[in-house]
1. May I ask you to verify whether Ser241 is under 20 Å from Asp273 (Cα atoms) and of a type in the set (Ser, Thr, Tyr)?
2. Given the conditions (1) within 11 Å of the ligand (Cβ to nearest atom); (2) hydroxyl-bearing (Ser, Thr, Tyr); (3) surrounded by fewer than 20 Cβ atoms within 10 Å (Cβ to Cβ), and given that Ser183 satisfies all but one, which numbered condition is not satisfied?
3. Within segment 225-235, does at least one residue satisfy the condition of being open to solvent by less than 20 Å² (accessible area, probe 1.4 Å), within 15 Å of the ligand (Cβ to nearest atom) and within 25 Å of Ala47 (Cα to Cα)?
4. Among Ala246, Ala217, Ala222, which is the only one that is farther than 30 Å from Thr300 by Cβ and not acidic (Asp, Glu)?
5. Of (1) without any contact (Cβ under 8 Å) to a residue 24 or more places away in the chain; (2) within 12 Å of the ligand (Cβ to nearest atom); (3) not basic (Lys, Arg), Glu158 satisfies all except one. Which?
6. Determine which member of the set Gly93, Gly44, Gly72 is free of Cβ contacts under 8 Å to residues at least 24 places away in the same chain and over 15 Å from Leu205 (Cβ atoms).
7. Among the charged types (D, E, K, R), more than 15 Å from the ligand (Cβ to nearest atom), open to solvent by 10 Å² or more (accessible area, probe 1.4 Å) and more than 24 Å from Val223 (Cβ to Cβ): does that describe Arg50?
8. Could you identify the single residue in Val122, Val100 that is within 16 Å of the ligand (Cβ to nearest atom), touching a Ser or Thr at 6+ places or on another chain (Cβ under 6 Å) and over 29 Å from Ala54 (Cβ atoms)?
Amino acid sequence: MTHRAPNRLVIDRSALAANWRALRDRSGGAACGAAVKADGYGLGAVAVARTLVAAGCRDLFVATWAEAAVLGDTGAAVSVLHGVRAGDRPLLGLPGVRPVLNTRAQVARWREAGGGPCDVMVDTGMNRLGVSPDDVAGGLLDGLVIETLMSHLACADEDSPVNTRQQRALAALAGRTRARRLSLANSAGIALGSDYAFDLTRPGLALYGGVPRAEMAAWLRAVVRIEAEVLQVRSVRTGESVGYNATWTAPADTGVAIVNLGYADGYPRSLSDRGRAFAGDTMLPVLGRVSMDLVALDVTGAPVGEGDWLVFDPDLVDTARAAGRSQYELLTGLGQRFDRIWR
Ligand SMILES: *Cc1c(COP(=O)(O)O)cnc(C)c1O
C-alpha cells in the first residue's frame, strides 16, 4: 500500500477540459491558449498542460524559462511571459519555447542570440511589462519573426473605460509589424466580447474554476477541491477555548474535529473563524485560529470520526471573499504537501 498524505487536492480533469472548451467557444474565431504559470495555478503544470493539449490547446504561457523547462515537450508552443533576461541564456533553445519580449534590451538580447521566432508584449496602459506603442511604430521590432504581438488588460474584471482604451491601442498596431497574430484577452477579457479576442486568447484563472466576472459563473465548472483527514475528535465544554491565543470559546458543549490542513498548505490564516468544510451536506465552521498544519472544525451532531475525510468549501468566489484574498492567491498558494489526485 502506498503512503497517502493526510490532505489532498481532488482535481477534475474533465472540468478543466470543459472550461477550456467553454472559453475557446467564447473566443469567437480566435484560438484559445492557456496560462499555466505558477505550476498551473497550483494544480500541477505538467498534468494541466497534458489535459489542455489533449483538449486541443496549442499555446501555453509560463512566467519563466525554469517553468518552461519543467513543462518539457507538451506538443504545444510555450511562451515565456517574462522574456529573456541575461540569466536565461543557459535555457534558451528549449524546443518549442519562445520568449515574449518586453523591453528594448530584451529585443536587442534576442537579436544577438540569433533572433528566431518570438512574441512581443506591448504596453497599452497597464504600465507593467511591455515595449511602448511608439517603439513599435518607430521600427523597434522591424525584421523580428513575431508569432504573437500581445498586450495585457489591467481591468478586465471590471466594466472600466480602461478596457476600451487598451483594446483600441492594440487594434491600432494591426499591420504595423509582421506579427502573425494579435492577442489581448485573459480570462475576464474573454467576457468583454469579440472585439477583445483578436487572434488568440490567454485564459488562466477561469480554466481552473475561478470566476473573474459574475456572468462567467454560468460557463465554468469547479475544478479543484481540498480534502483533509481528521486527526482527532474531542468534546469541548462550555467556556473552554480552542487553538492559538484561545480566540474561540465554546458557548455550549461542542464537538470539535482537528483536521490536517493549515496555512502552510495555503489555507489562509484569515479563514480563522470564517472558513467552512462539509461532511456530506452538513456545514462545519472553522473554530478559532487556523494553525500552520491544523484547523479545528465544529462537528457538533455530525457523525465525524478520527480518520474521516472532510471536504473544504470548493466555491472559490465565496472562499476568497471570506478570506480577504483573491481567487488567484488561493489557487497559487496551494502547497506542496497535498497529494494531487486527478479524477
Ligand atoms: C497571467 C496572465 C494571463 C492569464 O490571466 P488570468 O487573469 O488568470 O486569465 C494572461 N496573460 C498574461 C500576460 C498573464 O500574465
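The values are calculated or read from the model by the stated rules, or taken from the named source; none is laboratory data. Everything numeric in this text was worked out from a predicted model, so none of it was measured. Methodologically, a virtual Cβ is constructed for each residue, glycine included, from the backbone with ideal geometry; neighbour enumeration extends over all protein chains shown. Ligands, DNA and RNA are stripped out before the accessible areas are found, and what is left, the full protein with its side chains, is counted by its heavy atoms. Shrake-Rupley method; radii C 1.70, N 1.55, O 1.52, S 1.80 Å.
1. Numbers: under 20 Å from Asp273 (Cα atoms): yes; of a type in the set (Ser, Thr, Tyr): yes.
For Ser241, the condition - under 20 Å from Asp273 (Cα atoms) and of a type in the set (Ser, Thr, Tyr) - is met.
2. (3)
3. From segment 225-235, those open to solvent by less than 20 Å² (accessible area, probe 1.4 Å) are 227-228, 230; that's our starting set.
From what is left, the residues that are within 15 Å of the ligand (Cβ to nearest atom) are none.
No: zero hits.
4. Values: Ala246 fails: farther than 30 Å from Thr300 by Cβ; Ala222 fails: farther than 30 Å from Thr300 by Cβ.
Exactly one of Ala246, Ala217, Ala222 is farther than 30 Å from Thr300 by Cβ and not acidic (Asp, Glu), namely Ala217.
5. Answer for Glu158: the failing condition is (2).
6. On the way: Gly44 fails: free of Cβ contacts under 8 Å to residues at least 24 places away in the same chain; Gly72 fails: free of Cβ contacts under 8 Å to residues at least 24 places away in the same chain.
The conditions single out Gly93.
7. Working: among the charged types (D, E, K, R): yes; more than 15 Å from the ligand (Cβ to nearest atom): yes; open to solvent by 10 Å² or more (accessible area, probe 1.4 Å): yes; more than 24 Å from Val223 (Cβ to Cβ): no.
No; evaluated as a whole, the condition is false for this residue.
8. Numbers: Val100 fails: over 29 Å from Ala54 (Cβ atoms).
It is Val122.
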